[in-house]
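One structure is given here, and the rest of the page talks about it.
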Amino acid sequence: MSVRLRSVAVAAFALFATLVARPAAAHVDYVTEDSGDPLDAMAFIAEVLSDPFNAALFAGSGLLATAGIGAYLWVRPTVVDVVVLREKLAGYGDLVPWMLRLAVGLPLVGAGFQGYLFAPTLSFEPATSPLLRVLFIGLGFFTLFGLATRITAAAGLLTYAWVLVAVDPLVVLAVEYVPVLLALLVLGGGRPSADDMLLEVASTPGSYYGRIDPVHHLKSFLDEATAPLRRYVPTVLRVGMGVSFVYLGLIQKLADPASALQVVEKYDLTSVVPVDPGLWVVGAGVTEVAVGLALIAGFFTRGAAALSFVLFTTTLFGLPDDPVLAHVALFGLASAVFALGAGPLSVDRLIGRPALDDGEEPVAAAD
């Protein structure tokens, strides 16, 4: 395959990614008042795709996506840009805990001040529930500072489980908190963090702080105990993100087309891309399910993470009243998955080729 043909293939894939990244990937419940008149999901999908134009556009998009991914997998080992990018991303591994702490710390602080339980749809009155407010603000600030990170992550997971079981199962709208907190439970605060700083001071012989702080021994023990699990952190993050996408696409759009149609109508999305409103819903739902399944399987992982990041961004610009703070965890999750790649237990690991074979030179971009 010539350099020019490879460039065209990669450009075509990039164009396709941009086209499918439409502002319809929001949490539907965050921007709608009610579910509207119920619609039979299977009958709705069948009706939408019974239109020849809709069917042709839907099938053509699928074929273009398949061709784009195939072209990328074919050319990626010898494109110098990809080689350099992968090598650079490999150096960001020690910064992932910091990225994840920011991703959940900020929205947890916001949840405490604004009064909601992980998902903006599960609100509480801060004035009448001061303990809940203090809990969420405390979890957020401790996470941001990286102070007692593993204990804070465990407390966050227990709080999420309490909301899920005892308050409202619709907290699954914010399921992205779970993989991030699980990852922090394994990784700890990383650096920069208060944990790392205090451990350095406390473990220095002769330090005054080391005499009064026995906790640093616990941190050292937990660092050693969780070390074998660190290799599975990319798997936990991508699977968690994939589950979130499948839920958004399957449950919030394909299984509840009435609510999704309200989003299309409310923001006049058909004026952005003049297609049938039903095709907007079906296309957005199928795209999200496909991205989610790719992440769960660990197939084309960095590409799926990059596409999801574009989806989130266009959603925030396209839906002006979508709560930005509620999506920060997803942005951080996507960034971490993009940096770490698929990890073990993934299709990418099974079928992936090395960046370059022995003695093979990367192909420079054409002038």
Residue among Gly352, Gly292 that alone is small (Gly, Ala, Ser) and modelled with pLDDT of 80 or more: Gly292
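Condition test on Leu122, is it touching a residue at least 40 places away in the same chain (Cβ under 8 Å) and in contact with an Asp or Glu (Cβ under 7 Å, 6 or more places away or on another chain)? Give the derivation first.
Working: touching a residue at least 40 places away in the same chain (Cβ under 8 Å): yes; in contact with an Asp or Glu (Cβ under 7 Å, 6 or more places away or on another chain): yes.
Yes.
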All positions within the stretch 111-144 that are among the aromatic types (Phe, Trp, Tyr) and either buried (at least 22 other Cβ atoms within 10 Å of the Cβ) or part of a strand (DSSP E or B) (or both): Tyr116, Phe118, Phe136, Phe142
Residues within the stretch 198-244 that are touching a Gly at 6+ places or on another chain (Cβ under 8 Å), more than 20 Å from Val96 (Cβ to Cβ) and part of a helix (DSSP H, G or I), tallied: 3
Options Ala153, Ala183, Ala174: the member that is buried (at least 23 other Cβ atoms within 10 Å of the Cβ) and modelled with pLDDT under 95: Ala174
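Conditions (1) more than 21 Å from Ala194 (Cα to Cα); (2) touching a strand residue (DSSP E or B) at 6+ places or on another chain (Cβ under 9 Å), marked per residue:
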residue	(1), (2)
Ala111	yes, no
Gln114	yes, yes
Thr121	yes, no
Phe124	yes, yes
Thr143	no, no
Gly146	no, no
Thr152	no, no
Candidate set from the stretch 228-239 (those that are touching a helix residue (DSSP H, G or I) at 6+ places or on another chain (Cβ under 9 Å) and either open to solvent by 10 Å² or more (accessible area, probe 1.4 Å) or without any contact (Cβ under 8 Å) to a residue 24 or more places away in the chain (or both)); member that is nearest to Ala297 (Cα to Cα): Val239
Complete set of residues in the stretch 73-102 that are touching a strand residue (DSSP E or B) at 6+ places or on another chain (Cβ under 9 Å) and hydroxyl-bearing (Ser, Thr, Tyr): Thr78
Selected residue (only one of Leu164, Leu108, Leu147 is crowded, with 16+ Cβ neighbours inside 10 Å, touching a residue at least 12 places away in the same chain (Cβ under 8 Å) and more than 18 Å from Leu333 (Cα to Cα)): Leu147
Number of the condition not met by Glu200 [criteria: (1) open to solvent by 20 Å² or more (accessible area, probe 1.4 Å); (2) touching a Leu at 6+ places or on another chain (Cβ under 9 Å)]: (2)
Count of residues meeting criterion [at pLDDT 85 or above, assigned to a helix (DSSP H, G or I) and either open to solvent by 40 Å² or more (accessible area, probe 1.4 Å) or within 20 Å of Ala90 (Cβ to Cβ) (or both)] in the stretch 313-347: 11
Filter result for the condition that a residue is open to solvent by 30 Å² or more (accessible area, probe 1.4 Å), more than 16 Å from Thr235 (Cβ to Cβ) and out of contact with any helix residue (DSSP H, G or I) (no Cβ under 8 Å at 6 or more places or on another chain), over Asp276, Asp268: Asp268
Per-region count, the stretch 290-306, residues in contact with a helix residue (DSSP H, G or I) (Cβ under 6 Å, 6 or more places away or on another chain), open to solvent by less than 30 Å² (accessible area, probe 1.4 Å) and either part of a helix (DSSP H, G or I) or under 13 Å from Phe338 (Cβ atoms) (or both): 8
Cβ-Cβ under 7 Å pairs, at least 6 apart or on other chains, the stretch 85-99 side within 16 Å of Leu187 (Cα to Cα) and open to solvent by 80 Å² or more (accessible area, probe 1.4 Å), far side β-branched (Val, Ile, Thr) and part of a helix (DSSP H, G or I): none
Residues of the stretch 215-225 that turn out to be under 27 Å from the mean Cα position of the chain (by Cα) and touching a residue at least 60 places away in the same chain (Cβ under 8 Å), as a count: 1
Check on Ile251, assigned to a helix (DSSP H, G or I) and either in contact with a Cys (Cβ under 9 Å, 6 or more places away or on another chain) or at pLDDT 90 or above (or both): no
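The values are calculated or read from the model by the stated rules, or taken from the named source; none is laboratory data. What you see is a predicted model; the values in this text were computed from it and never measured. No Cβ is skipped: glycine too gets one built from the backbone with ideal geometry, and neighbour counts run over all protein chains shown. Accessible surface is based on the protein model in full, side chains and every heavy atom, while ligands, DNA and RNA are left aside. Shrake-Rupley method; radii C 1.70, N 1.55, O 1.52, S 1.80 Å.
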